[in-house]
1. Considering the range A:209-235 alone, what residues qualify as being at pLDDT below 90 and within 17 Å of A:Leu157 (Cβ to Cβ)?
2. Scan the helices (runs of 4 or more DSSP H) fully inside the range B:125-200 and keep the ones with 3 or more residues being within 14 Å of another protein chain (Cβ to nearest Cβ) and either away from ligand 2 (no atom under 16 Å from the Cβ) or over 30 Å from B:Pro2 (Cβ atoms) (or both).
3. How many of the residues making up the range B:108-124 are within 16 Å of ligand 2 (Cβ to nearest atom) and assigned to a loop (DSSP other than H, G, I, E, B)?
4. Looking at the range B:95-104, can you tell me whether even one residue there is within 11 Å of chain A (Cβ to nearest Cβ), out of contact with any Phe, Trp or Tyr (no Cβ under 8 Å at 6 or more places or on another chain) and open to solvent by less than 10 Å² (accessible area, probe 1.4 Å)?
5. Hey, any hits in the range B:117-140 for a residue that's touching a residue at least 60 places away in the same chain (Cβ under 8 Å), under 19 Å from B:Phe62 (Cα atoms) and touching an Asp or Glu at 6+ places or on another chain (Cβ under 9 Å)?
6. Which one of these is modelled with pLDDT of 85 or more, in a loop (DSSP other than H, G, I, E, B) and open to solvent by less than 10 Å² (accessible area, probe 1.4 Å): B:His79, B:His85?
7. With (1) within 16 Å of ligand 2 (Cβ to nearest atom); (2) modelled with pLDDT of 85 or more; (3) polar (S, T, N, Q) as the list, and B:Asn42 as the residue in question, which single condition is left unmet?
8. Residue check, B:Met80 against (1) more than 14 Å from every other protein chain (Cβ to nearest Cβ); (2) within 16 Å of ligand 2 (Cβ to nearest atom), all met but one. Which one?
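The values are calculated or read from the model by the stated rules, or taken from the named source; none is laboratory data. Quantities reported herein were computed from a predicted structural model and do not represent experimental measurements. With ideal geometry, Cβ positions are generated from the backbone for all residues, glycine too; neighbour counts draw on all protein chains shown. Accessible surface areas use protein heavy atoms only, side chains included; no ligands, DNA or RNA. Shrake-Rupley method; radii C 1.70, N 1.55, O 1.52, S 1.80 Å.
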Amino acid sequence: MPEIAIIGRYWPGTSPLHRMDPRAKLLMSLAVMAVILCAQGFVGLGVCAFFTFGLFVLARIPLKAAFKSIAPLAFIIVIAALLNIFFEQGGQTLVQWGFLQISSKGLYQAAFSGLRLLLLLLSMSLLTLTTATLDITDAFEHLLAPFARIGLPAHELSMIMGIALKFLPQFVFEVQTIYRAQISRGATFAKSPLKGGFQMLGSLMVPLFTSAFRHAETLSAAMDARCYHGGPGRTRLHDLRFGSRDRNAVFVLSGVLAAVIAANLLV
Amino acid sequence: MPIVFEGVSYSYTAPAKPKDAKKPRIKAKEASIPGERPAWGNAPDALWAIHDIDFTLEDGDFLGIAGHTGSGKSTLIQHMNGLIHPTLGRVLIDGTDIADKKAASRIRGKVGLVFQYPEHQLFAANVYDDVAFGPRNLGLPPDEVDRCVRDALAQVSLDFDSLRTASPFELSGGQQRRVAFAGVLAMRPSTLILDEPVAGLDPATRNSFLNLIAELHRQGLTVVLVSHNMNDLARLCNRVLVLKEGQQFALGSPQEVFAHADELKAIGLGVPSAQGLANRLVAQGVPLGDISAALSPRRTAANPEGATKRLYDIESLADELAALYKAQPAAGAIQPEETVHEGQAGGPYA
Ligand SMILES: Nc1ncnc2c1ncn2[C@@H]1O[C@H](COP(=O)(O)OP(=O)(O)OP(=O)(O)O)[C@@H](O)[C@H]1O
Ligand SMILES: [Mg+2]
C-alpha cells in the first residue's frame, strides 16, 4: 500500500499509547489540542513540545516517521507563517520593501503560530499513528451514541466513515496502477489540458469509478453474507474498556495543562 | 532491442525521482547494513521490493518470471518501460539508460506492458476509442490509427465491425480482457510484457490467450510472461527467472530451473506437473533419461543430482515410460535404487 493516509498511517506497536482505549485517546487528543491552543507564549509552547515529543518517545515512533506523516500538510504551516510575517505589524520594522514590510512582531507571530500549528499537527498525527482506523471509527461511534436518541444515525455514520477510510489507500493504490497502465499506453497527463486533456482525465476517472462500484457491490454482498444489519443489538469481538492507563493519561494531561497555564501566568 | 538490468534495486520507501535518478537517495553502504531494517517486505520501514537484479532480456526471448506472492515480479516488470526507476543500478534499453524521462517515453511505444487485470483499465465509450487510445497517443494519423485498431482486434480474434461501437463495459470479462490486450497490441510494440495475463479466465479462454501469446512470439515479438503456473512457463518460455523475496533466485532454461524441485518447493513454488512426476520417478529409482542403459545406477558422475536431464512434458514423459516398459527385461520389474542422496544446489541457483 502506498503511504497516503493524509495524516499518519497506523504504525503498529504495543506501547502504552497503542493500548489505550481508543475513545479515551480520541478525547485526549482533542484535549491535547486544546492545551496547545491555551499556550500563549514560547514557554508554554515549549512545555507542550516537550510533552508531545515525550509522547512520541513513549509510543516508540521515530521522529522521522512523525514528520513524514505530517509532511503533506506542511504547506499549511508555511502559509500560516507567511501570512503572519506580512500581515502582522508592530514593534520594530526590520525590512521595508515596497508596500511589504516585515516587523519584529510579525516575525515573532510567524514563529509562534508556525510552531503551534506544527505541534497541533504532530499531536493529531499521533492519534492515527497509534490507533488502527477501525478503532478510531469505533471510538467515534461510541462518542456519538448519546446523540442517537435525538435521531443521529451514529452507527451508520461511523460505518460509512470506517469504510471510506479503509478504502482510501485501496483507491490511491488503484489510481496509481491505472495511471501507470495509461502511461504505458502513451498517455501524457502533464501537458495540454485542453487538447485531449479530458480524455486523459477520463482514462483515469472512469476506471476508478467502475472499480469503486465493483468494490461497493462485493462489499455489500460480503456484509449481507455475514448477516450484517447494523443498528442495535450488534455485539462486538473486542469490547472497549477504560483502564488504569486511561486514568493515568487524564492525570498527566491535567498536569501539562496546569504547567501551560502556569507558564502563561508567570512569564 | 535488448533490455539490460544492471544491479537493479528498488525501494518503495525511497524511490528515485526520474530527474535525479542518477544519484540514488540510498547509499549502497546504507543499503547493505544487515539487521537495521527489514530488508524486504511491506513493513513501514522495509527497504527493498527488489534487490540486485542482473540479467539481460535478449531479442526474441520468451522470458518467464515466477515467484511467490510479493516477491517483486510486478515491481520488476515496471522497470522495463520506465514506469518506475531503479533506486540503485540502472536499466539499459538499446544501450541507453532509461532513467531519463525522455528516453523512457520514447520506448513506451516499443515496450508494451499489459497489467494484471487489464480490463479494469478500460474507460472509453466504445471499443474502438479504447483500442485507439495508444496509437493516438503516439501521434499516428487517423488512417494509420484505424489500421492499428483493425489489426489489433483481429489479433485477439474480436470482430471489428460488430464490436467497434459496443461499450467495453457490456462485454464479458474474457472479451474485456481481449479488448484491453488489443489496446496494447495496437501500439505495435516489439516487446510485450504480460503480468499474469490469464489469471481468472476459464480454461478455454485461458488456452486461447496463451496460444495467442505463443503466436505473437513466433511472429518475432520478445515476450515476458509473469505467471504462477509452472506448466505454462515450462511449455512456452525459453528462459525462466525465479524471484524470492525480491532477489534473483534462479535464472536459466526451464530445464535447468525446474530440475531443482526441492529448492523451488522451499520457496512455495512447484515444478511443471509432468516434470514433478518425472523427478519423483527418478528419486524412486526409475531410470528415466537413458534408456540405453536402462538398468544402470542413476547416480552417475554426469548426473550427480539425480534430477532428470531434460524437461518433460506429458507426451515426452509418456513416450519415455512406454519405451522403458518395452526395454524392460521380461523377468522382473525395475529395481528400486538404494538411498537417494541430495545433491548440492548448483547451476542456475544463486
Ligand atoms: N505501491 C507500493 N507501495 C509500497 N510497497 C509496495 C507497493 N507495491 C508493492 N509493494 C511491496 O513490494 C513488494 C513486491 O511487490 P510486487 O507487487 O512487485 O509483488 P508480486 O511479485 O507482483 O506479487 P503478486 O504475485 O502478489 O502479484 C511487496 O513486498 C509489496 O508489499
Ligand atoms: Mg504482481
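1. Those that are at pLDDT below 90 and within 17 Å of A:Leu157 (Cβ to Cβ): A:Tyr228, A:His229, A:Gly230, A:Gly231, A:Pro232, A:Arg234.
2. B:127-137, B:142-155, B:173-185
3. Qualifying residue count, the range B:108-124: 3.
4. In the first step, residues of the range B:95-104 are kept if they are within 11 Å of chain A (Cβ to nearest Cβ); the result is B:101, B:104.
Checking which are out of contact with any Phe, Trp or Tyr (no Cβ under 8 Å at 6 or more places or on another chain) leaves us with B:101, B:104.
So of that shortlist, the ones also open to solvent by less than 10 Å² (accessible area, probe 1.4 Å) come out as B:104.
For the range B:95-104, residues within 11 Å of chain A (Cβ to nearest Cβ), out of contact with any Phe, Trp or Tyr (no Cβ under 8 Å at 6 or more places or on another chain) and open to solvent by less than 10 Å² (accessible area, probe 1.4 Å): present.
5. no
6. Working: B:His85 fails: open to solvent by less than 10 Å² (accessible area, probe 1.4 Å).
Result of the check over B:His79, B:His85: B:His79.
7. Condition not satisfied by B:Asn42: (2).
8. Condition not satisfied by B:Met80: (1).
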